[in-house]
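Report on one structure; see the data block that follows.
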Amino acid sequence: MISAVKLAIREKLCVAVLVSKAALQFIQGLSLRSEYVVPEEVKAAGFQICADELGSIVEGHDSKKLIIHGGVDGIAEKLAISKTDGLSTDEDSIKRRQDIYGINKFTESEICSFWVFVWEALQDTTLIILAVCAFVSLVVGIAMEGWPKGAHDGLGIVASIMLVVFVTATSDYRQSLQFKDLDKEKKKIQVHVTRNGFRQRLSIYDLLPGDVVHLAIGDQVPADGLFISGFSLLINESSLTGESEPVAVNEDNPFLLSGTKVQDGSCKMLVTTVGMRTQWGKLMATLSEGGDDETPLQVKLNGVATIIGQIGLFFAVITFIVLSQGLFSKKYHEGLLFSWSGDEALELLEHFAIAVTIVVVAVPEGLPLAVTLSLAFAMKKMMNDKALVRNLAACETMGSATTICSDKTGTLTTNHMTVVKACICGNIKEVNGPQNSSKLCSELPEIVVKTLLESIFNNTGGEVVFNQDGKYQILGTPTEAALLEFALALGGDFKAKRDETKIVKVEPFNSTKKRMSVILELPGGGHRAHCKGASEIVLAACDKFLDETGSVHPLDQTTADKLNGIIDSFAGEALRTLCLAYREMEEGFSIMEHTPLQGYTCIGIVGIKDPVRPGVKESVATCRAAGIMVRMVTGDNINTAKAIARECGILTEDGIAIEGPEFREKSLEELLKLVPKIQVMARSSPLDKHTLVKHLRTTFNDVVAGTGDGTNDAPALHEADIGLAMGIAGTEVAKESADVIILDDNFSTIVTVAKWGRSVYINIQKFVQFQLTVNVVALLVNFSSACFTGMNAPLTAVQLLWVNIIMDTLGALALATEPPNDDLMKREPVGRTGKFITNLMWRNILGLSFYQFFVMWYLQTQGKDFFGLEGSDTDDVLNTIIFNSFVFCQVFNEISSREMEKINVLKGMMKNYVFMAVLTSTVIFQFIMVQFLGELANTTPLTVHQWIASVLLGLAGMPIAVAIKLIPVGSS
């Protein structure tokens with residue numbers, strides 16, 4: 001009795017608390033409702049809620065405000081849209097909506113002006129030192145010799161510095177523009193929206209508040225919004241919150257934030273906030289994206305540049321000491337060490353300028369520039385070849401790739417699937433074509449056709465919609481589209497069949513379960529479950545089947561063996577198989593329970609054909625010739641996978657095809673023997689693919705390129721050295737994890753990426769070979785002349801700066817933009833452990849350096865006799881000949897550097913317009929410097945014979961380069 005009283009009191013207290021809580025919420029609601037006033041301009045535009053109020057509801061997950069505004073239905077009404085038909089697309093309505101709520105674009109950081117890059121180029125320490133030298137030279141020179149004669153040396157250095165600065169700034173500015181364009185390209189995302197009652201694809205930039213967006217697994221949420229309807233929706237908010245645990249979004253928690261990703265399920269979303277008002281937009285405002293990260297090769301080359309710079313600094317100090325010791329010695333003996341004339345100060349300054357310029361020449365700042373130029377050039381060209389590079393380092397890494405782990409569907413195959421065979425009621429029928437489908441329909445019992453259509457039209461992630469022309473359009477994955485097309489060919493009506501029943505529960509397809517299920521509420525009461533998925537898995541869940549009359553019979557072992565045999569025969573014909581099944585649910589079933597995994601009735605098995613893409617077999621053969629192993633990793637049946645792999649040329653006699661479950665069970669010792677031989681992995685889970693890639697990378701030291709299109713591929717794409725995602729079929733999660741997006745979903749494009757990667761790597765090697773040759777010779781010439789001949793350095797500061805431009809910027813432009821040739825895919829990949837500066841390169845560098853140094857040394861010591869020079873200006877003429885010969889040695893060395901091994905370096909040279917333009921401009925400017933710039937460039941005009949001799953001395957380097965290439969050395 002007492003307990004009953006206690007229970008009654010407790011119930012009354014609970015009711016009182018609930019009533020009080022409701023009353024408080026109501027009062028709060030009234031106050032909030034009275035607080036919010038619709039701005040006049042919003043009312044005038046035909047809306048009942050402003051952008052800031054919408055933003056505060058979603059961003060703050062404010063359920064109270066949402067309730068006050070009437071929930072999702074109320075928000076839709078206030079945004080003047082229909083949840084089923086979406087917003088109206090007449091221009092006036094769109095314009096008013098944009099004016100009130102803004103557009104779905106983020107404020108981008110402005111491109112730095114050209115002068116900012118000029119200022120950055122001027123920050124170079126050695127250039128600043130040279131500028132100080134130029135200033136002192138101008139002051140002392142003008143004071144001693146007057147204007148303009150005394151200003152020649154100083155102005156020459158200033159002109160050279162400005163030329164270096166402007167060439168560098170122009171190059172950097174152009175690259176920044178190019179990176180900006182590529183950044184825009186990689187942000188282009190298409191989403192499915194309903195507008196005017198029609199479902200269509202739209203750029204995320206065109207989204208507006210009021211748009212009804214359809215989201216599925218792997219999509220990125222394109223704006224802030226509210227959940228309208230959907231099934232099993234899980235959102236990964238880690239990009240915003242850092243929390244890895246997915247959030248369930250439904251009617252109770254309807255808030256969706258832009259930048260987050262759909263991890264599971266599907267939904268319709270009402271867009272409420274766009275652009276900079278979204279939480280993602282506010283986050284982006286604090287960040288600045290850009291291609292500023294250095295690639296691994298740039299880091300490696302920066303290290304090389306630092307070491308060479310230190311060697312140059314050592315030589316510069318020694319050169320300055322040797323050049324100046326004579327002057328200091330003379331002043332010391334005369335007792336005038338603290339008394340300097342203007343000429344003596346200028347001479348000392350000239351020695352210092354030469355020492356500084358040796359450092360300028362020695363520091364190969366062109367190395368990082370060459371990498372950037374080559375990568376940017378490759379990126380632009382790869383865009384034309386349907387490959388969008390999201391990560392600069394991927395270009396160079398792809399050149400070293402030793403293995404490609406490729407997805408099957410959509411990469412090796414066309415991704416346009418059609419049902420070509422079906423086994424329904426135990427009979428196998430060809431169904432590729434409307435006539436065959438209608439014939440099959442007439443042969444099947446009515447109840448079977450009805451059940452089959454009910455299964456296909458309800459248990460699907462796809463949809464049949466009508467466009468403005470009244471023609472139907474199938475939306476969804478290629479597999480879903482193939483099944484829906486088959487059902488329509490059987491005479492099914494998608495909308496009518498969907499209206500007959502009500503979907504109460506959906507378990508979307510995922511790569512772990514390899515099946516998809518729905519539970520329907522039937523018109524007469526009761527529930528029915530439909531299941532489809534991987535044939536072996538769904539068939540194993542069946543204990544009954546439909547016979548020829550449409551009657552249900554127990555599935556005995558004989559029939560099960562027969563059906564499994566049919567699955568194998570379909571798979572042997574390279575067909576992807578799916579099994580369809582249903583189950584009547586018992587009375588009292590609750591939708592809160594899990595969908596059953598057993599007790600199904602097999603409706604039938606369909607075989608879907610996805611033809612191999614044209615050119616795949618040739619591309620795989622190209623990879624094999626290039627030393628790149630291609631492996632297929634797919635979730636498909638092993639027989640289907642093997643048939644496709646053989647057709648593509650992936651599976652060879654000594655290769656192994658294995659299933660994911662079997663692979664998982666192998667021990668580490670077994671994997672060490674097995675992994676190198678695996679060419680096909682079927683029925684694989686995301687973890688299997690990730691494990692395979694990880695073993696190849698770490699245990700076997702392979703450079704792995706991974707391809708994929710689904711969310712399930714994301715872990716493997718992230719783990720691979722280079723992740724390649726499909727641009728058409730790929731989900732946003734896959735693209736986000738990838739380094740390169742294949743815009744045409746074609747395997748042949750992956751081979752093109754590999755070819756460009758190798759081209760980048762080899763072009764930079766060519767440039768390094770060219771630059772190190774110039775470095776070695778320039779250092780040795782000035783150092784040896786100062787130390788051993790007692791003469792001034794033959795190459796002045798102005799001349800060395802000009803050589804620096806030829807060597808760094810122009811050399812990088814010429815050699816780093818060589819297009820790839822087919823021979824690149826006939827050599828073994830560099831791999832992870834390959835040396836960057838190879839023995840071949842050292843042979844070429846040392847051989848040509850020796851020749852050029854010999855020429856310079858001979859001209860210095862014997863040049864006057866060789867050319868018969870007499871008179872007071874013989875030193876100036878000889879130094880100009882040395883300078884001219886040195887420059888032409890570099891011009892012809894640049895041509896020789898086009899090939900590191902081959903004799904014929906002229907092949908394709910005329911077609912490379914950048915290379916020809918660089919060579920031509922170098923020769924023209926050299927002619928101007930020698931003949932017309934006179935004292936400014938420390939040169940004197942040369943005769944025709946002297947010009948011919950200079951050119952011939954440079955040209956002689958080409959046959960010598962050929963002879964050097966004939967010297968055998970190890971290739972590593």
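Go through Asp745, Asp721 for me and flag whichever is more than 20 Å from Lys380 (Cβ to Cβ), in contact (Cβ under 8 Å) with a residue 40 or more places away in the chain, open to solvent by less than 10 Å² (accessible area, probe 1.4 Å) and among the acidic types (Asp, Glu).
Asp745
Go through segment 424-453 and give me each residue that's touching a Phe, Trp or Tyr at 6+ places or on another chain (Cβ under 8 Å) and under 24 Å from Arg528 (Cβ atoms). Break it down stepwise before answering.
Of segment 424-453, the ones touching a Phe, Trp or Tyr at 6+ places or on another chain (Cβ under 8 Å) are 426, 431, 437, 451.
Matches in segment 424-453: Gly426, Thr451.
With Ala481, Ala489, Ala387 as the choices, which residue is of a type in the set (A, V, I, L, M) and open to solvent by less than 10 Å² (accessible area, probe 1.4 Å)?
Working: Ala481 fails: open to solvent by less than 10 Å² (accessible area, probe 1.4 Å); Ala489 fails: open to solvent by less than 10 Å² (accessible area, probe 1.4 Å).
Residue meeting the stated conditions: Ala387.
Of all residues in segment 873-929, which are within 28 Å of Asn782 (Cα to Cα) and open to solvent by 60 Å² or more (accessible area, probe 1.4 Å)?
Our first condition is that a residue be within 28 Å of Asn782 (Cα to Cα); within segment 873-929, this holds for 873-898, 900, 918-929.
Hits for segment 873-929 are Asp873, Asp875, Asp876, Thr920, Ile924, Phe925, Phe927, Ile928.
Take the conditions in a loop (DSSP other than H, G, I, E, B), open to solvent by 50 Å² or more (accessible area, probe 1.4 Å), under 25 Å from Asn427 (Cα atoms) and at pLDDT below 90 and apply them to Thr549. Does it pass? Show your work before the answer.
Numbers: in a loop (DSSP other than H, G, I, E, B): yes; open to solvent by 50 Å² or more (accessible area, probe 1.4 Å): yes; under 25 Å from Asn427 (Cα atoms): yes; at pLDDT below 90: yes.
Here the answer is yes, as Thr549 does meet what is asked.
Kindly indicate the residue of segment 70-95 that is in contact (Cβ under 8 Å) with a residue 24 or more places away in the chain and open to solvent by 80 Å² or more (accessible area, probe 1.4 Å) and also nearest to Ala51 (Cα to Cα) among those meeting that condition.
Glu77
Among the listed residues Ala720, Ala716, Ala754, identify the single one that is among the hydrophobic types (A, V, I, L, M, F, W, C) and closer than 29 Å to Ala812 by Cβ. Please lay out each step first, then the result.
Numbers: Ala720 fails: closer than 29 Å to Ala812 by Cβ; Ala716 fails: closer than 29 Å to Ala812 by Cβ.
Unique residue meeting the criteria: Ala754.
Please go through segment 489-505 and give me each residue that is touching a residue at least 12 places away in the same chain (Cβ under 8 Å) and within 22 Å of Thr194 (Cα to Cα), ordered by number.
So in segment 489-505, the residues touching a residue at least 12 places away in the same chain (Cβ under 8 Å) come out as 489-492, 494-495, 497-498, 500-505.
Hits for segment 489-505 are Phe494, Lys495, Lys497, Arg498, Lys502, Ile503.
Given the structure, is Ile603 of a type in the set (A, V, I, L, M), assigned to a strand (DSSP E or B) and over 29 Å from Ala657 (Cα atoms)? Please lay out each step first, then the result.
Details: of a type in the set (A, V, I, L, M): yes; assigned to a strand (DSSP E or B): yes; over 29 Å from Ala657 (Cα atoms): yes.
Criteria met by Ile603.
Please give the number of the condition Lys439 fails out of (1) farther than 20 Å from Ile567 by Cβ; (2) within 39 Å of the chain's Cα centre (by Cα).
The single condition Lys439 does not satisfy is (2).
Restricting to segment 588-625, name every residue that is touching a Gly at 6+ places or on another chain (Cβ under 7 Å) and open to solvent by 10 Å² or more (accessible area, probe 1.4 Å). Step through it out loud before you land on a result.
Here is the first cut: in segment 588-625, the ones touching a Gly at 6+ places or on another chain (Cβ under 7 Å) are 617, 620-621.
The answer is Lys617, Ala621.
Matching residues to (1) out of contact with any strand residue (DSSP E or B) (no Cβ under 8 Å at 6 or more places or on another chain); (2) under 17 Å from Gln799 (Cα atoms); (3) not in a helix (DSSP H, G or I):
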| site | (1), (2), (3) |
| --- | --- |
| Met910 | yes, no, yes |
| Ala917 | yes, no, no |
| Thr920 | yes, no, no |
| Val923 | yes, yes, no |
| Val930 | yes, yes, no |
| Glu935 | yes, yes, no |
| Leu942 | yes, yes, yes |
| Val962 | yes, no, no |
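Check whether at least one residue in segment 160-183 is more than 17 Å from Ile103 (Cβ to Cβ), among the aliphatic types (A, V, I, L, M), in contact with a Pro (Cβ under 9 Å, 6 or more places away or on another chain) and at pLDDT 75 or above, and report yes or no. Steps first, answer last, please.
The initial filter retains those residues of segment 160-183 that are more than 17 Å from Ile103 (Cβ to Cβ), namely 160-183.
If we keep only those that are among the aliphatic types (A, V, I, L, M) too, we end up with 161-165, 167, 169, 177, 182.
Subset that is in contact with a Pro (Cβ under 9 Å, 6 or more places away or on another chain): none.
Looking for residues that are more than 17 Å from Ile103 (Cβ to Cβ), among the aliphatic types (A, V, I, L, M), in contact with a Pro (Cβ under 9 Å, 6 or more places away or on another chain) and at pLDDT 75 or above, one finds none in segment 160-183, hence no.
Can you tell me which of Leu859, Leu848, Leu869, Leu815 is surrounded by 21 or more Cβ atoms within 10 Å (Cβ to Cβ), of a type in the set (A, V, I, L, M, F, W, C) and more than 50 Å from the chain's Cα centre (by Cα)? I'd like the intermediate steps shown before the answer.
Working: Leu848 fails: more than 50 Å from the chain's Cα centre (by Cα); Leu869 fails: surrounded by 21 or more Cβ atoms within 10 Å (Cβ to Cβ); Leu815 fails: more than 50 Å from the chain's Cα centre (by Cα).
The unique qualifying residue is Leu859.
Suppose we keep only residues that are within 30 Å of His553 (Cβ to Cβ) and under 39 Å from the mean Cα position of the chain (by Cα) within segment 399-433. Which one would you say is most open to solvent (accessible area, probe 1.4 Å)? Spell out how you get there, then give the answer.
Let us first name the residues in segment 399-433 that are within 30 Å of His553 (Cβ to Cβ), namely 419-432.
Filter once more, keeping what is under 39 Å from the mean Cα position of the chain (by Cα): 419-421, 432.
Numbers: Val419: 10, Val420: 23, Lys421: 33, Asn432: 87 Å².
Restricting to residues being within 30 Å of His553 (Cβ to Cβ) and under 39 Å from the mean Cα position of the chain (by Cα), the top hit is Asn432.
Please enumerate the residues belonging to segment 647-661 that are surrounded by fewer than 22 Cβ atoms within 10 Å (Cβ to Cβ), at pLDDT below 90 and closer than 25 Å to Ile537 by Cα.
Listed by number, the list holds a single entry, Pro661.
Taking the stated definitions as given, is Lys330 basic (Lys, Arg), under 30 Å from Ala169 (Cβ atoms) and either open to solvent by 10 Å² or more (accessible area, probe 1.4 Å) or modelled with pLDDT of 80 or more (or both)?
Numbers: basic (Lys, Arg): yes; under 30 Å from Ala169 (Cβ atoms): no; either open to solvent by 10 Å² or more (accessible area, probe 1.4 Å) or modelled with pLDDT of 80 or more (or both): yes.
Here the answer is no, as Lys330 does not meet what is asked.
Is there any pair linking a residue in segment 218-236 that is in contact (Cβ under 8 Å) with a residue 40 or more places away in the chain to one that is in a loop (DSSP other than H, G, I, E, B) and of a type in the set (Lys, Arg), with Cβ under 8 Å and at least six apart or on different chains, and which?
Ile228/Lys83
Suppose the filter is surrounded by fewer than 15 Cβ atoms within 10 Å (Cβ to Cβ), of a type in the set (Ser, Thr, Tyr) and within 27 Å of Thr595 (Cβ to Cβ); does Thr460 pass it? Spell out how you get there, then give the answer.
Numbers: surrounded by fewer than 15 Cβ atoms within 10 Å (Cβ to Cβ): no; of a type in the set (Ser, Thr, Tyr): yes; within 27 Å of Thr595 (Cβ to Cβ): yes.
No: the conditions fail for Thr460.
The values are calculated or read from the model by the stated rules, or taken from the named source; none is laboratory data. Treat the numbers as computed from the prediction; the structure is a model and nothing was measured. FYI the Cβ positions are ideal-geometry reconstructions off the backbone, even for glycines, and counts take in every protein chain you see. Side chains are part of the model used for accessible areas, which takes the heavy atoms of the whole protein and leaves out ligands, DNA and RNA. Shrake-Rupley method; radii C 1.70, N 1.55, O 1.52, S 1.80 Å.
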